[in-house]
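The values are calculated or read from the model by the stated rules, or taken from the named source; none is laboratory data. These numbers were taken from a predicted model, which means no experiment stands behind them. All Cβ positions, even for glycine, are placed from backbone atoms using ideal geometry, and neighbour counts span all protein chains on display.
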Amino acid sequence: MSNDRRQVPVWLWYALLCIFWWGLWGFLSKVAGNSASPLQLQILFTLGMLPVALGMLVQMRWNLDRNVGGASYGTLSGIATGIGSLGYYAALREQNASVVTPVTGLFPLLTVILAFIVLRERLNRVQMGGMVLALASIVVLSM
Amino acid sequence: MIHWLAYACLAVVLWGVCGLFMKLGTNRVSARSMVIWVTVGFVALLPVLWKMTTLKGLGVTVVLIGLTSGLVNGLGNWAVFACLEKGAKASVAIPLTALYPLFTVILATAFLKERPTPMQWFGIALAIAGGAMLSYEPATAPTPTEEPTHCVQ
């Protein structure tokens with residue numbers, strides 16, 4: 001029993017794996033961005049992620065929820081993310097990945113604000129603290 | 001020339017809007033289905049992008065790195081779902097995965113020889129901590145599946 005307690009939970013390995021993959025994405029975007037334009041990068045990015053999406057679809061046994069509202073929000077999410085990525089790649093061409101990626105990682109700032117306005121979700125204290133740090137970081141990094 | 005921060009803010013705004021759409025969408029379809037629909041959105045952009053540019057002139061190495069960047073991002077999305085399915089609480093797992101820029105910083109300083117100034121290091125630390133804290137959403141009621149409200153950056 002005591003051994004089990006000391007074991008790292010499986011979910012934590014997956015969380016660390018996620019940090020690894022997404023962190024690597026930021027790094028590779030910077031490397032490729034030295035030669036490719038933001039538009040070209042977004043095309044390659046989309047083509048590159050298709051096999052994973054297909055794999056997930058197979059894992060779901062092709063049971064895709066087809067609710068019109070959900071599908072529309074999902075598709076709009078993809079379009080917004082794709083256009084946002086162009087901004088990310090453009091920023092990477094002019095500034096270091098070590099500076100740009102932490103700034104763009106602040107996107108939950110807007111989600112939290114929009115969720116407060118549109119969905120009337122309440123902000124918790126941790127999120128409020130995060131907002132202060134996020135805004136401070138943007139001021140510091142713009143100097 | 002537009003300041004890099006303006007471009008970065010464009011990403012923050014649009015990815016932030018995406019987070020709201022994800023919240024609205026996952027009220028109607030499963031989170032996994034949402035990832036597929038988000039991918040449909042990416043694909044829908046492709047004809048527009050193809051009209052504006054071409055991949056001609058890009059070296060094989062750059063093409064492979066670009067494709068790999070999409071692949072690893074997709075794998076990151078998959079890992080989030082696997083993480084939640086293995087019993088992680090979204091209130092813990094999502095802020096934890098929001099620390100991913102830390103790994104980009106490590107890779108960029110190690111392999112690209114990027115050397116942020118002390119002031120930039122301070123800003124980077126604030127941004128990473130702020131991003132993780134903003135992603136914190138305490139569980140309010142037990143739900144059948146906890147679903148991430150942002151992924152597929």
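Within segment B:108-133, which residues are more than 7 Å from every other protein chain (Cβ to nearest Cβ) and within 28 Å of A:Val126 (Cβ to Cβ)?
Listed by number, the residues that qualify are B:Pro118, B:Trp121, B:Ala125, B:Ala132.
For segment B:1-33, which positions are out of contact with any Gly (no Cβ under 6 Å at 6 or more places or on another chain) and touching a residue at least 24 places away in the same chain (Cβ under 8 Å)?
The answer is B:Cys18, B:Gly19, B:Met22, B:Lys23, B:Thr26, B:Ser30, B:Ala31, B:Arg32.
Before we move on, is B:Thr54 among the hydroxyl-bearing types (Ser, Thr, Tyr) and under 17 Å from A:Thr75 (Cα atoms)?
Spelling it out, it is not the case that B:Thr54 is among the hydroxyl-bearing types (Ser, Thr, Tyr) and under 17 Å from A:Thr75 (Cα atoms).
Name the residue, out of A:Val139, A:Val132, A:Val99, that is over 19 Å from the mean Cα position of the chain (by Cα) and at pLDDT 90 or above.
Just one listed residue meets the conditions, A:Val132.
Would you confirm whether any residue within segment B:40-51 is under 30 Å from B:Pro138 (Cβ atoms), out of contact with any His (no Cβ under 8 Å at 6 or more places or on another chain) and touching a residue at least 12 places away in the same chain (Cβ under 8 Å)?
No, the conditions are met nowhere in segment B:40-51.
Can you tell me which residue among B:Phe42, B:Phe81 is of a type outside the set (Val, Ile, Thr) and modelled with pLDDT of 95 or more?
B:Phe42
Here is a yes/no grid of residues against (1) at pLDDT 90 or above; (2) among the aromatic types (Phe, Trp, Tyr); (3) over 15 Å from A:Gly130 (Cβ atoms):
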residue: B:Ala90; (1), (2), (3): no, no, yes
residue: B:Pro95; (1), (2), (3): no, no, no
residue: B:Thr104; (1), (2), (3): yes, no, yes
residue: B:Ala110; (1), (2), (3): yes, no, yes
residue: B:Lys113; (1), (2), (3): yes, no, yes
residue: B:Thr117; (1), (2), (3): yes, no, yes
residue: B:Ile128; (1), (2), (3): yes, no, no
